[in-house]
1. Which one of these is outside the structural domain of Gly262 (by TED's automatic domain parsing), among the basic types (Lys, Arg) and part of a helix (DSSP H, G or I): Arg343, Arg334?
2. Would you check if Gln112 is in a strand (DSSP E or B), surrounded by fewer than 24 Cβ atoms within 10 Å (Cβ to Cβ) and not aliphatic (A, V, I, L, M)?
3. Taking only pairs six or more apart or across chains, which ones have beta-carbon atoms under 9 Å, a first residue in region 114-142 that is in contact (Cβ under 8 Å) with a residue 12 or more places away in the chain and within 15 Å of Ile158 (Cα to Cα), and a second residue that is acidic (Asp, Glu) and not in a loop (DSSP other than H, G, I, E, B)?
4. Tell me which of these Ala192 doesn't satisfy, since it passes every other one: (1) crowded, with 18+ Cβ neighbours inside 10 Å; (2) not assigned by TED's automatic domain parsing to the domain that holds Lys223.
5. Which of the following residues is of a type in the set (Ser, Thr, Tyr), touching a residue at least 40 places away in the same chain (Cβ under 8 Å) and farther than 21 Å from Leu95 by Cβ: Thr157, Thr203?
6. Considering every residue within region 255-267, establish whether at least one is in contact with a strand residue (DSSP E or B) (Cβ under 7 Å, 6 or more places away or on another chain), surrounded by fewer than 21 Cβ atoms within 10 Å (Cβ to Cβ) and modelled with pLDDT of 95 or more.
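The values are calculated or read from the model by the stated rules, or taken from the named source; none is laboratory data. Please read these numbers as outputs of a predicted model, since none were measured by experiment. So basically every Cβ, Gly included, is an ideal-geometry build from the backbone, and we count neighbours across all protein chains shown.
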Amino acid sequence: MSTVAETIIEALVGLGVKTVWGVVGDALNPLTDAIRREDGLEWIGVRHEEVAAFAAGAQSQLTGTLGVCMGTVGPGSIHLLNGLYDAKKSSTALLAICGQVPSEEIGSDFFQEINNDRLFADVALYTQTVTHPSQMPYLLEQAINAAMTLRGVAVLTIPGDIGSAASPNDAQPHFVDVAQPAAPDPGVIRDAAQLLNEAAKVTLLVGMGARGAREAVLEVARKLAAPMVLTLKAKEGLEANNPYQVGQSGLIGNPAAQHAFGSCEALLMIGTDFPYRDSYPEGKTVIQIDSNGAVIGRRTNVGLGVVGDSQLTLAALLPALVEKKSQTHLADAREKYQAWTQRQAKLAEPDYDSTLVGRARTVLDNPGALIRPEAVAAAVDRHAASDAIFTSDTGMSTVWLARFVTMRGTRRLLGSFNLGSMANAMPQALGASAVDRSREVIAFCGDGGLTMLLGDLLTAVAYNLPVKLVVFNNGRLGMVKLEQEQGGLPEFGTILANPDLALVARSCGLHGIRVEDANDLDAAVQEAMRHDGPVLLDVLTNPQEISVPPQTTAGQAWGFAIAKLKEGMRSVGDSES
């Protein structure tokens with residue numbers, strides 16, 4: 001007869017789970033011992049449980065299957081929370097198995113006891129504590145079915161004495177198939193086609209929900225002669241070889257995308273819940289297609305909502321669309337986009353600061369002649385594999401990735417794009433690498449994000465996870481610095497006293513490379529990509545690099561000027577004291 005722990009592990013293996021992430025200890029001992037004896041499942045012990053949750057969530061996003069992490073009694077489970085919230089906000093299937101004090105002590109304020117069911121009530125769509133062996137495998141079945149069908153987090157709490165108890169139930173868990181995609185209502189499709197046919201100028205806003213409908217999306221853009229604004233998460237699968245796309249909008253956007261929004265008559269949203277209200281155009285006819293009816297109209301006023309799978313909806317819509325004769329709207333947006341990308345590309349050239357324009361700009365924004373972050377991102381894009389997996393920390397690292405890395409080939413992209421957490425890139429890279437150690441995985445790390453969870457550099461070495469960690473080391477919390485300055489505030493509290501991160505990496509067993517001169521950058525990136533094992537590429541980048549949204553208000557511009565004046569006055573005052 002199997003124990004409860006053995007029943008759980010056997011069920012996970014049968015479901016196709018390959019990896020479990022966590023930190024061992026007390027109540028988890030029956031489970032980790034069952035994993036030790038199971039050849040089909042790999043245990044990866046991290047240094048911080050937050051890393052476990054981020055890594056497991058990354059695996060779920062990449063594979064579409066269940067991610068699994070574990071946290072032991074009390075603090076160990078609490079540490080999972082941030083990564084679990086990221087999975088929730090990313091709508092990815094994740095099972096967290098949490099330890100609990102011995103069952104007879106529950107409710108006695110025992111050492112390390114917390115109420116897991118209450119703690120995880122907001123982040124999890126299912127949370128239960130197993131109080132008797134006879135409840136298994138039914139509670140496990142419910143937890144996994146909830147996570148997989150509703151695409152979210154399930155938490156199952158197991159006291160140590162329950163995990164080691166014999167399971168009196170021989171029933172096998174039954175895991176349901178994920179629901180089939182929904183087809184749209186034909187009447188609504190006719191209404192959508194009429195609105196799009198009547199509009200002289202149409203712009204598309206396309207999100208990750210349309211990544212599986214690439215050809216249909218491109219055909220819609222062709223028939224409507226519509227420029228296509230991509231959300232960051234839609235870069236994967238929809239950016240490369242796309243003659244209609246004009247980049248991103250919002251904080252990481254560009255003037256061409258904003259022009260495409262402002263000059264259209266109708267906006268067709270496909271598979272996106274893009275959150276920034278201020279970036280949406282006003283006074284347009286908006287048609288929104290989404291498989292989740294709950295998000296329709298959540299961000300902007302919608303004239304018509306179409307509930308349905310993107311592929312099925314566009315396939316039904318295409319025959320009803322009348323091909324636009326005028327290409328002016330598309331051509332104008334594409335011309336602006338190409339001009340903007342050419343200007344951006346100049347910033348990434350290694351000798352930019354030696355040009356006439358570069359020398360003039362350097363006096364203001366790069367007096368220390370540090371490496372421009374644009375050049376780092378562009379170099380990685382040149383040398384990364386066509387099937388590389390990219391992860392990115394929230395903040396300026398994401399800005400540079402969005403602007404200079406193209407999701408060509410079968411490249412994949414992960415980030416904390418909904419929760420916006422710090423320190424996600426390295427843990428997500430570890431998770432991605434454990435899926436396939438032969439595939440190149442590159443993390444765009446901020447120095448603040450990397451150092452927040454620095455201990456898990458050791459995990460990359462211990463489990464032979466050959467990640468390439470590219471650190472934009474500007475000694476700053478860069479996005480916060482920009483936010484302060486746009487608000488007219490002088491920079492405060494954002495300066496980081498970093499060590500030589502390449503030396504730290506080498507002391508942990510990684511291959512560490514430090515770059516201080518732009519002329520050495522390209523060779524260093526090549527070296528990092530060629531190295532057979534985990535690498536930390538520590539690049540000293542310019543903290544004063546300016547990246548502003550395409551629709552900067554007068555107030556933001558004035559605030560930035562005032563902030564710079566205050567910073568200059570403060571610096572002078574400091575130097576005289």
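1. Matching residue, one of Arg343, Arg334: Arg343.
2. no
3. Thr127/Asp117; Gln128/Asp117; Thr129/Asp117
4. (2) is the only condition that Ala192 fails.
5. Matching residue, one of Thr157, Thr203: Thr203.
6. Looking through region 255-267, at least one residue is in contact with a strand residue (DSSP E or B) (Cβ under 7 Å, 6 or more places away or on another chain), surrounded by fewer than 21 Cβ atoms within 10 Å (Cβ to Cβ) and modelled with pLDDT of 95 or more.
Results for (1) at pLDDT below 95; (2) buried (at least 24 other Cβ atoms within 10 Å of the Cβ); (3) under 30 Å from Arg214 (Cβ atoms), shown as yes or no for each residue.
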| residue | (1), (2), (3) |
| --- | --- |
| Ile389 | no, yes, yes |
| Thr410 | no, no, yes |
| Leu419 | no, no, yes |
| Ser433 | no, yes, yes |
| Arg437 | no, no, yes |
| Val471 | no, yes, no |
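Okay, residues lined up against (1) in the same structural domain as Gly303 (by TED's automatic domain parsing); (2) over 20 Å from Arg334 (Cα atoms); (3) small (Gly, Ala, Ser); (4) part of a helix (DSSP H, G or I):
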{"site": "Gln142", "(1), (2), (3), (4)": "no, yes, no, yes"}
{"site": "Ala146", "(1), (2), (3), (4)": "no, yes, yes, yes"}
{"site": "Pro168", "(1), (2), (3), (4)": "no, yes, no, no"}
{"site": "Asp177", "(1), (2), (3), (4)": "no, yes, no, no"}
